[in-house]
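This report refers to the structure that appears directly beneath it.
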Amino acid sequence: MSRALLLLAALSASALVASCGDPVHDAEVTALGPEASGVSPGPDHRPGQPCLVCHGGQGPASAQFSLAGTVYQAQDNTVGIGQVQVKITDVNKSTGTATTNSVGNFYITASTYTPTYPADVELDYTGLSQAVQMLTHIGREGSCGYCHFDPAGPTTPGHVFLALDPSDLPQSGGTP
Amino acid sequence: MKHLIAGLVVAVSAAVFACSIPPSDARIGIDVPPIAPAEFDPVADLLDHSCGTLDCHGNFERNLQMWGCYGMRLDGTALGCRSMGGTNTTQAEYDATYRSLVALEPAVMSDVVASHAVNPNELTFVRKAFGEESHKGGQIFQLGGDADTCIASWLASNTNTAACTRALASAP
């Protein structure tokens, strides 16, 4: 009798734990789809996607970011660009920085820097006459891809880009 | 005689029943803050700038939705304000924001407006914006500041546009 009771209690506890998941978050992760062919999970994976869906603390990724995204060369192409300095300045004037890698991805870990919103972002690139400012502030979301996705429309400005046209980019800067 | 009484009861019941059905075009009257552009647009500009970015209330996922040149646009209007290379908030966008704001808690809104905003923080959006209730975006405005004056004066149907302008100019 006591064994049956213990089994019942264990089953109930398991069911309780299982039911504590976040189905909304699970659906968001699933909606991202599988990894691209030939790209393993790591700094180069999933450019353009909302990084903090998985890297925001709810998993499944273990690394937790406060700000992450992808910078592309220009408005009319989706070629990622490396060596772009991303600088975020929060409402307390505290700043965090990161540099894009060869596919344009960048991230700032939550343990390194977590902004107090609202925050402003600017992009700097060797050879540009001045840093590129994001037109509005960020209110709460650390994934660039949450708001910036293609195609551009009434609810999104499209992907993050450094220049309106690739020819506007300095020749010496180059894309790694 | 019994038939007469029964008939009378039925007739009275029918009359009472008929009177209890509201007409199909009935409307519930509530007090609302002003929608006139001179009264609401300065408030909406402040809210759009401070609350309406695409990751916050410029988003269909929120109960309170805002439209304007700092965030979500209507009808494919170019993103960004004129100073950013886009177009400023349109009247249709102001109207859409107004409807979303007023319809969020219509009964409470009516009470607040009827009382000339004696207690604006009866409204959830006010409590959240001023940090009096849990809010993902944190505290946006300071009590006693220009934004407070702007919003409260609008709810009192006497918008202090100068306060709204100052609040917008100093907003992060």
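Any read-out appearing in this document is the output of simple, stated calculations on the displayed coordinates, not a laboratory observation. All of these numbers come straight from a predicted model, not from anything done at the bench. So basically every Cβ, Gly included, is an ideal-geometry build from the backbone, and we count neighbours across all protein chains shown.
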### Query
Dividing the Cα convex hull volume of chain A by residue count, how many Å³ per residue is that?
151
## Note on the structure
The size of the Cβ-based charge dipole (Lys, Arg +1; Asp, Glu -1) of chain A about the Cα centre, to the nearest 20 debye, is 560
### Query
Taking neighbour counts of Cβ atoms within 10 Å as a proxy for exposure, in what order, fewest first, do B:R73, B:R99, A:R46 appear?
B:R99, A:R46, B:R73
### Message
If you average the C-alpha positions of the range A:69-141 and of the range B:118-138 separately, how far apart do those two centres end up, in angstrom?
### Response
31
### Task
Report, in degrees rounded to the nearest 10, the 0 to 90 angle that the Cα long axis of helix B:146-155 makes with the longest principal axis of chain B.
20
#### Entry: Cross-link partners of B:K136 among lysines (Cα-Cα below 28 Å; sequence separation of 8 or more within a chain)
A:K87, A:K93, B:K128
### Query
GNM on chain A, C-alpha springs below 10 Å: top fluctuator among A:V86, A:V24, A:V71?
A:V24
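Taking every residue in B:47-55, how many Cβ atoms of other protein chains lie within 10 Å of its Cβ, on average?
5
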### Task
Please pull out the direction-averaged projected area of the range A:121-166, using the convex hull of its alpha-carbon atoms, in nm² to one decimal place.
3.9
### Query
What is the sum of charges around A:A74, taking Lys and Arg as +1, Asp and Glu as -1, for the other residues whose C-beta is under 9 Å from the C-beta of A:A74?
-3
### Query
Restricting attention to the alpha-carbon atoms of the range B:59-134, what are Rg (one decimal) and Dmax (integer), both in Å?
14.6, 42
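Using only Cα atoms, what Kirkwood radius does the protein assembly as shown have, in angstroms?
23.6 Å is the Kirkwood radius here.
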### Message
Which three extents, in angstrom, do the Cα atoms of the range A:96-176 have along their principal axes, listed largest first?
### Response
36, 33, 22
### Query
Taking Cα atoms, how many degrees apart are the long axis of helix B:2-20 and the longest axis of chain B, rounded to 10 and kept between 0 and 90?
10
#### Entry: Average beta carbon contacts from partner chains per residue of A:134-147, 10 Å cutoff
6
### Task
Take the Cα radius of gyration of chain B and divide it by 2.2 N^0.38 Å, with N its residue count; two decimals is plenty.
1.42
### Summary
Computed, not fitted: 222 nm per-residue ellipticity of chain A from DSSP H runs ≥ 4 (each -39500 (n - 2.57)), nearest 500, equal to -5500 deg cm²/dmol
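Suppose we look only past 24 Å in the calculated P(r) of the range B:16-118. What percent of the Cα-Cα pairs does that tail hold? Let's see the in-between values first.
Details: 1787 of 5253 pairs.
Tail of P(r) above 24 Å: 34 percent of Cα pairs.
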#### Entry: Cα centre as origin, Lys/Arg/Asp/Glu Cβ charges: the range B:26-159 dipole, Debye
240
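Would you calculate a helix-derived [θ] at 222 nm for chain B, using -39,500 (n - 2.57) for each DSSP H run of n ≥ 4 and dividing by the full residue count, to the nearest 500?
Theoretical 222 nm ellipticity from helices: -15000 deg cm²/dmol.
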#### Entry: Kirkwood Rh in Å, taken over all unlike Cα pairs in the range A:57-140
13.5
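Checking the a/c ratio against 1.5 first, then a/b against b/c, what shape does the Cα gyration tensor give for the range B:39-79?
oblate
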### Task
Let me know the whole percent of all Cα-Cα pairs from the range A:32-98 that are separated by more than 13 Å.
72
### Message
With θ taken as phi - 60° and the coefficients 6.51, -1.76 and 1.60, list the Karplus ³J(HN,Hα) couplings across the range A:114-130 in order, rounded to whole Hz; mark glycine and proline as x.
### Response
10, x, 9, 6, x, 9, 10, 10, 9, 10, 10, 8, 3, x, 6, 5, 8
### Query
Given +1 on the Cβ of Lys and Arg, -1 on the Cβ of Asp and Glu, and no further charges, what dipole in debye does the protein assembly as shown carry about its Cα centre, rounded to the nearest 20?
780
### Query
Which residue fluctuates the most in chain A, going by a Gaussian network model with Cα springs under 10 Å, if the choices are A:F65, A:F106, A:F149?
A:F149
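If the convex hull of the alpha-carbon atoms of the range B:101-142 is projected onto planes in all directions, what is the mean projected area in square nanometres?
Numbers: hull surface 11.8 nm².
Seen from a random direction, the Cα hull of the range B:101-142 projects 3.0 nm² on average.
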### Message
Can you sort A:S66, B:S24, A:S167, B:S115 from fewest to most other Cβ atoms within 10 Å of each residue's own Cβ?
### Response
B:S24, A:S167, B:S115, A:S66
